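Engineer: Got a structure here, written out as structure tokens. Questions coming.
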Amino acid sequence: MTTYAETLAALEEQHLRRRLRTFASADQHHRVRDVDGNVFISFSSNDYLGLAHHPRLIEAAQEALARHGVGSGASRLISGDHPCHRQLEDALADFKQTEAVLTFATGFATAAGFASAFLDRSSIVLLDKLCHASLIDACRASAATIRVFRHHDMEKLASLLAWARKRSPHGDVYILTESVFSMDGDVTPLEEIVNLKERYGAKVLLDEAHAVGVLGPEGRGLAAAHGLTDRVDFHMGTLGKAIGVSGGYLAGSAAMVDMLINRARSFIYSTAPPPALAEAARASLAIVRGAEGDERRERVRARMRQLAEALAQPLPPAAILPLILGKEEDALAKAASLERAGFHVPAIRYPTVARGQARLRIAVSAAHSAEEIDSLTGALSAQ
Ligand SMILES: *Cc1c(COP(=O)(O)O)cnc(C)c1O
């Protein structure tokens, strides 16, 4: 029997021990203050458009809090189905250009809801190797047969699809991928994936967590950017990143949403999110889609161009630039020395990424100034 202390000591030994760092907002944007009062410029947030502190979101939430209270009181199927949730779902369906949308408390719960509604022992799921833990865990918790293909390997995906069709001629085959991969910042070859899924009669789930708000017309994401919206079966997303609030959603057909309402356990057996969060998310969507959203997206692009050029890295497609360092201790040391210089850039280690693939993950936001990017690249090259 290994004790908890021994397990934790072993993690420490391998430079894999994790600890919570507590930060509060220092300036309503991306400067954060730790409990000792030190202020850092943060490159760790997924609030890519800088909307989490936007006055219109705060106002929408405050008004809703005053009118509707804090908690929703029950799950949506019992008595928690507040009109705010429906209004947000209508706004999201209009944004994603799908028939219907269902929201969940988080993106993580959304993935679990998908799996419990659609996967059973006759299903086969094919996942890109770098898919997010929420997708992997959701599939593992189901009775489905799971196969993983090497990141972006379309030949392997094609051969797995052929295998799946032979093994289960009439069963459902699902391909799960992300539009922008969370720790690599690269983009999935979506057109090839939808071509393959149509050739083999499979279905595709696209997790747009890091693309919505940032990519595509009005920030609608990767599928919209490539005119592939109608060829993706499940559009998944989170309201916690560029939308600046909290929550998750699946967009697609009305029948798909009906299935979720009837089968998704993380929806059925969980208290509905506070109506105030739905109102804040709806206020955010209006900004994301409008001229201010375009301007913020343009600023993210400009800052990312500046960052990539200064670091002599290829230009990432969205707002994430990983600096791969390899060894876990090297990534930790680099993050620590950046912290001493006043920057919070998280070291990402196993099991979030593969062993020996540790990295700094730099996330850029519309709230960063050109001077702040300059000072970060200065600090990085001074080391
Ligand atoms: C963050 C993330 C999720 C989970 O969303 P939450 O709303 O944070 O629970 C799911 N998928 C991907 C790719 C993510 O990056």
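Engineer: Looking at the range 195-274, which GluC sites (Glu not before Pro) are in a loop (DSSP not H, G, I, E or B) and have at most 16 other Cβ atoms within 10 Å?
Structural biologist: Answer by residue number: there is no such site.
Engineer: State the percent of C-alpha pairs, over all pairs in the chain, separated by a distance greater than 27 angstrom.
Structural biologist: 51 percent
Engineer: Charges at C-beta only: +1 for Lys and Arg, -1 for Asp and Glu. How large is the resulting dipole of the chain about its Cα centre, in Debye rounded to 20?
Structural biologist: With only Lys, Arg, Asp and Glu charged at Cβ, the dipole is about 840 debye.
Engineer: While we're here: If I stretch the segment between LYS166 and ASN195 completely, what's the gain in nm (0.36 nm per residue apart, minus their alpha carbon distance), one decimal?
Structural biologist: This chain segment gains 8.6 nm when fully extended.
Engineer: In addition: Going by how many other beta carbons lie within 10 Å of each one, how would you line up THR3, THR377, fewest first?
Structural biologist: The fewest-first ordering by Cβ neighbours comes to THR3, THR377.
Engineer: Relative contact order of the range 55-289, please, whole-number percent, based on alpha carbon pairs below 8 angstrom and at least 6 residues apart.
Structural biologist: 33 percent
Engineer: Between GLN28 and GLU339, what's the calculated FRET efficiency when r is the beta-carbon distance and R0 is 25 Å? Round to 0.05.
Structural biologist: 0.70
Engineer: Apply 1/(1 + (r/R0)^6) to the Cβ-Cβ distance of ARG147 and GLU371, taking R0 = 51 Å, and write down the FRET efficiency to the nearest 0.05.
Structural biologist: E between ARG147 and GLU371, to the nearest 0.05, is 0.60.
Engineer: Still on this model: Cut-off is 10 Å between beta-carbons; in what order do ILE78, ILE243, ILE348 appear when sorted fewest neighbours first?
Structural biologist: With the sparsest Cβ surroundings first, the list reads ILE78, ILE348, ILE243.
Engineer: Please give, to one decimal in nm, the separation of the simple spin-label points placed at ILE324 and GLN383, each 7 Å out from Cα toward the Cβ.
Structural biologist: 1.8 nm
Engineer: With runs of 4+ DSSP H residues as the only contributors, calculate the mean residue ellipticity of the chain at 222 nm using -39,500 (n - 2.57) per run, divided by the residue total and rounded to the nearest 500.
Structural biologist: For the chain, the value works out to -13000 deg cm²/dmol.
Engineer: Loop-only check: which trypsin sites (Lys or Arg not before Pro) in the range 1-88 are DSSP coil with at most 15 other Cβ within 10 angstrom?
Structural biologist: ARG17, ARG18, ARG19, ARG21
Engineer: Under a point spin-label approximation (7 Å from Cα along Cα-to-Cβ), what is the ARG121-GLN62 distance to one decimal in nm?
Structural biologist: Each label point lies 7 Å from its Cα, and together they span 5.6 nm.
Engineer: Moving on. Using a 10 Å cut-off on Cβ atoms, rank the peptides 264-277, 36-49 from the highest mean neighbour count down.
Structural biologist: 264-277, 36-49
Engineer: How big is the equivalent ellipsoid of the range 145-200 along its three axes, where each semi-axis is √(5λ) from the Cα gyration tensor, reported in whole Å from largest to smallest?
Structural biologist: That gives 22, 11, 10 Å for the three semi-axes.
Engineer: Of LYS96/LYS241; LYS129/LYS166; LYS96/LYS203; LYS156/LYS203; LYS129/LYS156, which pairs sit farther than 20 Å apart, going by alpha carbon to alpha carbon?
Structural biologist: LYS129/LYS166
Engineer: Moving on. Mind checking which of ALA318, LEU196, MET236 is farthest towards the positive end of the chain's charge dipole, using Cβ charges of +1 (Lys, Arg) and -1 (Asp, Glu) about the Cα centre?
Structural biologist: After comparing all options, I get LEU196.
Engineer: Rank the residues HIS30, HIS85 as a footprinting-exposure proxy: fewest other Cβ atoms within 10 Å of their Cβ go first.
Structural biologist: Starting with the residue having the fewest Cβ neighbours, the order is HIS85, HIS30.
Engineer: Using Cα springs under 10 Å in a Gaussian network model of the chain, which residue among VAL32, VAL364, VAL214 shows the largest mean-square fluctuation?
Structural biologist: Ranking VAL32, VAL364, VAL214 by mean-square fluctuation puts VAL32 first.
Engineer: At 0.36 nm per residue, minus the direct Cα-Cα distance, what do GLN97 and ALA286 gain on full extension? Give it in nm, one decimal, please.
Structural biologist: 66.6 nm
Engineer: At 25 °C and a viscosity of 0.890 mPa s, what translational diffusion coefficient does Stokes-Einstein give for the range 13-107, taking Rh as the Kirkwood radius over Cα pairs? Give it in µm²/s as a whole number.
Structural biologist: 145 µm²/s
Engineer: What percent do you get for the relative contact order of the range 14-54 when only Cα pairs under 8 Å and 6+ apart count?
Structural biologist: Here the relative contact order equals 27 percent.
FYI, it's all coordinate maths here, none of it is from the lab. The structure presented is a predicted model; accordingly, all values stated were derived computationally and were not measured. All Cβ positions, glycine included, derive from the backbone under ideal geometry; neighbour counts span all protein chains shown.
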